[in-house]
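Note sheet for the following structure.
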Amino acid sequence: MGQSSSITTIVVVAVLLVMMFGSAYSGNFFDEFDLTWGDHRGKIFNGGNMLSLSLDRVSGSGFKSKKEYLFGRIDMQLKLVAGNSAGTVTAYYLSSQGATHDEIDFEFLGNETGKPYVLHTNVFAQGKGNREQQFYLWFDPTKNFHTYSIVWRPQHIIFLVDNLPIRVFNNAEKLGVPFPKNQPLRIYSSLWNADDWATRGGLVKTDWSKAPFTAYYRGFNTAACTVSSGCDPKFKTSLSDSELQTANELNAYGRRRLRWVQKYFMIYNYCSDLKRFLEDSLLSARGQESNETTLNIPYDFVLACCSSLSQMFKICFFSVILLLYITFSRSIKLLPAFKI
């Protein structure tokens with residue numbers, strides 16, 4: 001009886017580990033990626049198990065996946081630029097191409113020595129972004145490799161760091177919010193100079209005496225639909241349907257960890273940026289040529305963002321004030337400059 005119980009425990013633990021960390025495919029960088037720019041600054045080595053990107057005063061570097069994906073889970077381990085990384089951006093993201101592209105972003109904004117990286121996340125759908133959330137990390141991402149994952153399902157997108165959820169972007173198409181679901185996406189990564197905005201809004205510039213700046217990659221794993229395989233969108237994986245569903249959903253523990261990360265480490269949330277919401281709405285109203293009094297409410301903000309009654313009340317209150325202002329201004333044929 002004791003032996004049977006032990007075996008059962010081992011099996012359960014193994015299944016949980018597969019669900020949490022396992023993927024259908026562990027990729028070799030030679031087979032899965034192309035170095036796309038930067039000449040010798042991008043390198044694949046260690047038998048295809050490691051990749052590095054470098055940035056110097058002349059150029060950065062980047063790579064992209066050979067395959068396109070439509071839903072699934074993508075894992076990548078990164079070790080970011082160490083030391084004074086101010087002005088640099090290491091981007092790791094999924095994207096299609098064109099003006100109406102879809103995109104799911106991790107961007108790591110460098111900082112001065114001893115100051116934390118900023119992890120910048122964003123979601124584009126049909127060419128529209130502006131859905132930023134930013135975080136400090138609870139560890140030094142330059143000391144060791146850490147796993148950054150994107151779970152992309154028709155229902156939602158989950159961003160994870162070391163299997164800890166930091167952000168969930170839900171499908172709110174029923175409310176009129178576009179969601180990435182029709183365009184296959186490639187994996188991209190790049191290391192580049194963005195010292196006009198990356199660190200403290202561009203106040204801190206890149207210290208080129210510290211170049212070359214180098215980021216390292218390993219541990220690429222996927223459990224995803226590759227478009228070339230013809231799966232649509234039920235991708236091939238070693239997990240059963242029920243296990244896969246569980247692996248891609250948040251249980252009670254996952255939801256608690258998500259709240260913990262967002263409470264203590266989130267430093268910017270577009271959903272809380274009322275000033276930006278009002279400015280965007282006002283600019284949109286100014287741009288309308290008709291005499292009809294309408295308020296172009298950004299549905300992403302009002303509908304997808306409102307997670308509490310108090311937040312909904314604030315947005316509705318300021319929306320009414322803005323609408324009254326626009327109505328009054330148009331009634332006297334004047335919409336003067338308005339600063340919030």
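The values are calculated or read from the model by the stated rules, or taken from the named source; none is laboratory data. Nothing here was measured: the structure is a model prediction, and the numbers come from that model. We place every Cβ from the backbone using ideal geometry, glycine too, and count neighbours over all the protein chains shown.
Yes/no matrix, rows are residues, columns are (1) under 18 Å from the mean Cα position of the chain (by Cα); (2) surrounded by 15 or more Cβ atoms within 10 Å (Cβ to Cβ):
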| residue | (1), (2) |
| --- | --- |
| 134 | yes, yes |
| 149 | yes, yes |
| 154 | yes, no |
| 158 | yes, yes |
| 198 | yes, yes |
| 206 | no, yes |
| 210 | no, yes |
| 222 | yes, yes |
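A residue that is in contact (Cβ under 8 Å) with a residue 60 or more places away in the chain and more than 22 Å from the chain's Cα centre (by Cα) can be found somewhere in the range 57-68. Of all residues in the range 97-113, those that are assigned by TED's automatic domain parsing to the domain that holds residue 185 and touching a residue at least 24 places away in the same chain (Cβ under 8 Å) have Cβ atoms under 6 Å from Cβ atoms of residues that are among the polar types (S, T, N, Q) and assigned to a loop (DSSP other than H, G, I, E, B), 6 or more apart or on another chain, in 100/126; 102/96; 102/183; 110/85; 111/199; 112/84; 113/84. Checked against (1) crowded, with 18+ Cβ neighbours inside 10 Å; (2) of a type in the set (S, T, N, Q); (3) not in a strand (DSSP E or B), residue 214 passes all but condition (3). Considering 107, 112, which residue is among the acidic types (Asp, Glu), under 29 Å from residue 208 (Cα atoms) and over 18 Å from the mean Cα position of the chain (by Cα)? That would be 112, the only listed residue that is among the acidic types (Asp, Glu), under 29 Å from residue 208 (Cα atoms) and over 18 Å from the mean Cα position of the chain (by Cα). Filtering the range 31-80 to residues that are out of contact with any Lys or Arg (no Cβ under 9 Å at 6 or more places or on another chain), assigned to a loop (DSSP other than H, G, I, E, B) and buried (at least 19 other Cβ atoms within 10 Å of the Cβ) leaves 38, 80. Residues in the range 181-192: is at least one modelled with pLDDT of 95 or more, crowded, with 20+ Cβ neighbours inside 10 Å and not in a strand (DSSP E or B)? So far as the range 181-192 goes, no, none of its residues is modelled with pLDDT of 95 or more, crowded, with 20+ Cβ neighbours inside 10 Å and not in a strand (DSSP E or B). If I ask for residues that are more than 22 Å from residue 127 (Cα to Cα) and either crowded, with 23+ Cβ neighbours inside 10 Å or of a type in the set (Gly, Ala, Ser) (or both), which ones from the range 81-102 would you list? Residues satisfying the conditions are 81, 82, 83, 85, 86, 87, 88. Please work out if residue 198 is within 26 Å of residue 169 (Cα to Cα), touching a Gly at 6+ places or on another chain (Cβ under 6 Å), assigned by TED's automatic domain parsing to the domain that holds residue 28 and assigned to a loop (DSSP other than H, G, I, E, B). So residue 198 fits the description; yes.
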